[in-house]
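Peer 1: Pasting a structure here, questions to come.
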Amino acid sequence: MVADKQTGAAVRRWVYRFGGGTADGAASMKELLGGKGANLAEMASLGLPVPPGFTITTEVCTHFYSNERKLPVDLEDQAMAALSELGLSVGADFGDPRNPLLVSVRSGAPASMPGMMDTILNLGLNDSTVEGLAAITGNKRFAYDSYRRFIQMYSDVVLGVDHGVFEEILDHQKSLHGYSQDTDLRSEDWHEVIVAYKSAVEAETGKPFPQDTRAQLWGAIEAVFGSWMNARAITYRKLNDIPQHWGTAVNVQAMVFGNRGETSATGVAFTRDPSTGEHALYGEFLINAQGEDVVAGIRTPQNITERARIAAGDNKSSLEAAMPKVFGQFVKICDKLEKRYRDMQDIEFTIQDGQLWMLQTRNGKRTTKAALKIAVDLADEGIISKDEAVLRIDPSQLDQLLHPTIDPHAAKEVVAVGLPASPGAATGEIVFSADAAEQLEKQGRAVLLVRVETSPEDIHGMFAAKGILTTRGGMTSHAAVVARGMGRPCVSGAGSLRIDYATGVMIAGGQTFKQGDIITIDGSTGQVIKGAVAMRQPELSGDFGKLMGWADAARRMRVRANAETPRDAKQAREFGAEGIGLCRTEHMFFEADRILAVREMILAENEAGRRAALSKLLPMQRQDFVELFEIMAGFPVTIRLLDPPLHEFLPHENKEIEDVAAALGVDAAKVRRRLVELHEFNPMLGFRGCRLGIAYPEITEMQARAIFEAAIKAAATTGKPVIPEIMVPLVGFARELDTLKAVIDSTAKTVEGETGTKLVYQVGTMIELPRAALRASEIAGTAEFFSFGTNDLTQTTLGLSRDDAAPILASYLGKGVIQTDPFVSLDTEGVGELVAIASERGRKARPGLKLGICGEHGGDPRSIDFCELTGLDYVSCSPFRVPVARLSAARASLAAKLKKA
Ligand code: PEP
Ligand code: MG
């Protein structure tokens, strides 16, 4: 609040001043003053050379949009008072033809939105003040150049005249005189340009270019507030989760000129290298130029430091060499700002007649690699704590380090967009079948497997391929889950693609692609791109390890991996997994020789047939478990009993049907009849999970035996005790768990009798059905641990099939019905409430009940926050997500601690 001049009554304060060593605002007032305004105030208070000015608050923007684009009535008085004070402080007067004050009018939102909104420079120039400027500076050329720039910017931003109009006039003027550069124009040439510009504006708008400087100012202020709702700003906010209601502030600031001759310059700098993070000043500047010239790329900027100039082999002088005194002052200011903000700064500056002016500072954007190095260095330099360093890294950025990524500068032609199902980018020849993928890979060719959807039969091809692209299926479809587990990039559910296996073509973006054509997929964005694109390879540098070590020290929850093959388990250990939270045993049967035995087991008509098939599977299972226990020696391993959605395992093609028939010793017709019997309309909700073991206990018996025998063997080889955690899937009734636990316990007794070894193990369950969550206290009577299978729990809570969700969710996201894909980021309100209920009821019945999550959400930062708050003991995710989960768990722990404090 400020006092009204006449009445003395308190009125709302819309304007905050800065400059001359003081300021009304501070860095902490970003919400009200926007980032730029708050930081200008802070710099002014620190005594840095900041051209004086004032900030019109974001509350004015809110007022503007809630009052049919009208500014508050008392704003004008407050702003004009600040403007005359500003004039006094620089010894000039706004609109005074002899000694005109010129200002810039710039936007500045609470979150940085670079280039999204409008800026106007040199405001206050008209036909008479321009002559004053020329007289004061003794530089006509400079004054006219400034005026023509102002006409151009103002007409574009405020009056809506296309800037092409001005470019045409300027080009015409240059060719008339045979000039090639803007700098070739003399003052009289600029004068002619001004005359032409003004008549163009009049022709376009029907009115002369405004000469009243006050009208210019208010036109500019309204235009900058108006630019908050321009299309680019709206899109940028959507992409960056910036709320619309925040609004922008407007900064009005005395102009300083970098284009006043050879001792003037303008530039941008980072206090550390934003792409590598190296602790070295990094930046560019232009002598005799104004801000937009550096960005516009018309002239090639010069390096700020000698070091950078030499490294670039540039022969144009550095700032360090050209203006050593100013450079020295600048370096000191950079250092001061970095220490004050405790982060790498992105700085804009201008030098006017040898005097340095700071125009902006903000925390600089950086690559993930640089972010890691900067956070680690700042902690090592004692500027921030290790915990703060951990909080500085966005876990979702880590993907950039773990997988190849598309070079952000590469040109690309996107032909379709699907779901970003498994991160990383891959380029290869299109193949439409798993066998073709495998064959070509053996010849050393890079291939991408393109399928409508994948099934277990495609595993060998998925493994052989550099990446996987499907037209159907969501984020937890077979393709997505398996690709993530393998660390293969995957784009799933690219619904606009058409694949015709018969003719071997894919139609994308109106173009036809054949087998062998090269495409690129980006599993981090879902893009499908024509041809090859430049890539950046992953780098796990020392900083990564160091930061992850600090994260591990800060987190409460453990991080395990979902892994079933020795390769995945080893990868998981390398990424720091502390055990296995989910071994999907059905995934251990995808290999060609094994899938046949599984099919035999499923299709057998009686127990004897099933036992025959199971006896083939037992030694394979046992050996797999031995390897897993050995790799994970000293860490817990949770093995889930078989949970094959039948459609993923049944044979479809004639050859497969004949193979199973031969293995079963029956004819193919009989197998086909059995297939008809087993056909399900809704396999995801069908004969799977514990339902299999209840119907056929011999399956559970075989698996339990394989686990126990492997545990005994691995304990002997590693010298470390193995305590298997046996997990029963898709339980809804406590009796289901009791029934299977009885089978497991009796198998344990048998194995103990046979081997003379006492077995120690735990039996627990997945919570994947709403009924299980609600009846958790009963289930916890038997279960020694719960693991939330949030893939199924999401499917069953939402009543939305995992396999068919993609197009429905795409339309829901598009229409704003939901904000995020619930299969990616946990629906904390709905599914989350069930998780919370089950946790509470389960722990009440069995204090200390071990709780974990093993759905895909276990690797998602936002879902991990929820797990921390709900008190889960661990999260489990695919191996390549383990570092993301470790960092997210640490950040969640630190956030929870901060909240408590
Ligand atoms: C789950 O449902 O969350 C789960 C981990 O099991 P699956 O994805 O194998 O059904
Ligand atoms: Mg499940």
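Peer 1: How much length is gained if the chain between residue 453 and residue 262 is pulled fully straight, taking 0.36 nm per residue apart and subtracting their Cα-Cα distance, in nm to one decimal? Don't skip to the end; give the middle numbers.
Peer 2: Values: separation 191, 0.36 × 191 = 68.76 nm, distance 6.47 nm.
Between residue 453 and residue 262, full extension yields 62.3 nm more.
Peer 1: Could you pull out the GluC sites (Glu not before Pro) across region 358-434 that fall in loop regions by DSSP (anything but H, G, I, E, B) with no more than 16 other Cβ atoms inside 10 Å?
Peer 2: Sites meeting the loop and neighbour criteria: 381.
Peer 1: Once both axes come from the Cα atoms, what is the angle between helix 607-631 and the longest principal axis of the chain, in degrees from 0 to 90, rounded to 10?
Peer 2: 50
Peer 1: Would you kindly calculate the translational diffusion coefficient of the chain, applying Stokes-Einstein with the Kirkwood radius from alpha carbon pairs, for 37 °C and a viscosity of 0.692 mPa s, and quote it in µm² s⁻¹ without decimals?
Peer 2: 104
Peer 1: A follow-up question, please. How many angstrom lie between the Cα centre of region 800-830 and the Cα centre of region 194-238?
Peer 2: Measuring centre to centre over Cα atoms gives 42 Å.
Peer 1: In deg cm²/dmol and to the nearest 500, what is the mean residue ellipticity at 222 nm of the chain if only DSSP H runs of at least 4 residues count, each as -39500 (n - 2.57), divided by the residue total?
Peer 2: Mean residue ellipticity at 222 nm (helix-derived): -14000 deg cm²/dmol.
Peer 1: So, one more: For region 61-125, run through the chymotrypsin sites (Phe, Trp or Tyr not before Pro) and keep only the ones in DSSP coil with at most 11 other Cβ atoms within 10 Å of their Cβ.
Peer 2: Counting only loop positions with at most 11 other Cβ atoms within 10 Å, none of the chymotrypsin sites (Phe, Trp or Tyr not before Pro) in region 61-125 qualifies.
Peer 1: Can you figure out the FRET efficiency of residue 128 with residue 279, using R₀ = 51 Å and their beta-carbon distance, to the nearest 0.05?
Peer 2: About 0.50, to the nearest 0.05.
Peer 1: Return 117, 766, 344 ranked ascending by Cβ neighbour count within 10 Å, so the fewest neighbours appear first.
Peer 2: Listing 117, 766, 344 from fewest to most nearby Cβ atoms yields 117, 344, 766.
Peer 1: Further question on the same structure: In debye to the nearest 20, how big a dipole does the chain give about its Cα centre with +1 on each Lys and Arg Cβ and -1 on each Asp and Glu Cβ?
Peer 2: In debye, rounded to 20, the chain gives about 1880.
Peer 1: Given 30/900; 815/899; 325/546; 30/815; 514/655, which pairs have Cα atoms separated by over 28 Å? Walk me through the intermediate numbers first.
Peer 2: Values: 30/900 25 Å; 815/899 34 Å; 325/546 39 Å; 30/815 32 Å; 514/655 26 Å.
Too far apart for the 28 Å limit: 815/899; 325/546; 30/815.
Peer 1: Enter the Cα centre distance for the pair region 244-288 and region 555-593, rounded to the nearest angstrom.
Peer 2: Measuring centre to centre over Cα atoms gives 49 Å.
Peer 1: Run the simple label-point estimate for residue 76 and residue 720 please: 7 Å along Cα→C-beta, distance reported in nm.
Peer 2: Those two pseudo-labels are separated by 7.7 nm.
Peer 1: Something else now. Given R₀ = 45 Å, FRET efficiency for residue 691-residue 503 by Cβ-Cβ distance, to 0.05?
Peer 2: 0.65
Peer 1: Going by alpha carbons, how many degrees (0 to 90, nearest 10) lie between the helix axis of 882-900 and the longest principal axis of the chain?
Peer 2: Orientation of helix 882-900: about 70 degrees from the principal axis.
Peer 1: A further question on this structure: Counting other Cβ atoms within 10 Å of each Cβ, which GluC sites (Glu not before Pro) in region 50-130 have at most 13 and sit in a DSSP loop? Kindly include the intermediate steps, with their values, before the conclusion.
Peer 2: Details: sites: 59, 68, 76, 85; in loops: 68.
Those satisfying the criteria are 68.
Peer 1: Compute the long axis of helix 805-815 from its Cα atoms, compare it with the longest principal axis of the Cα atoms of the chain, and write down the angle in degrees, 0 to 90, nearest 10.
Peer 2: 20
Peer 1: Projected area of region 420-531, taken from the Cα convex hull and averaged over every viewing direction, in nm²?
Peer 2: Projected over every direction and averaged, the Cα hull of region 420-531 covers 5.7 nm².
Peer 1: At R0 = 60 Å, how high is the FRET efficiency between residue 677 and residue 363 if r is their beta carbon distance? Nearest 0.05 is fine.
Peer 2: Here the calculated transfer efficiency is 0.40.
Peer 1: Could you grab the relative contact order for region 216-338? Cα pairs under 8 Å, six or more apart, rounded to a whole percent.
Peer 2: Answer for region 216-338 is 15 percent.
Peer 1: Going by how many other beta carbons lie within 10 Å of each one, how would you line up 194, 518, 136, fewest first?
Peer 2: With the sparsest Cβ surroundings first, the list reads 136, 518, 194.
Peer 1: Return 868, 856 ranked ascending by Cβ neighbour count within 10 Å, so the fewest neighbours appear first.
Peer 2: Sorted ascending by nearby Cβ count, the order is 868, 856.
Peer 1: Note down the nm distance, to one decimal, between modelled labels 7 Å out along Cα→Cβ at residue 181 and at residue 439.
Peer 2: Between residue 181 and residue 439, the simple spin-label model gives 6.2 nm.
Peer 1: A 23 angstrom limit on the alpha carbon distance is what I want to check against. Which of 570/897; 339/373; 741/850; 616/713; 339/369 exceed it?
Peer 2: Values: 570/897 33 Å; 339/373 17 Å; 741/850 17 Å; 616/713 19 Å; 339/369 21 Å.
As for pairs spanning more than 23 Å Cα to Cα, those are 570/897.
Only the coordinates and a few stated rules stand behind these numbers; no lab work does. What you are looking at is a predicted structure, and each value in this text was computed from that prediction instead of being measured. A quick note on method: Cβ atoms are made from the backbone with ideal geometry, for glycine too, and the neighbour counts reach across all protein chains shown.
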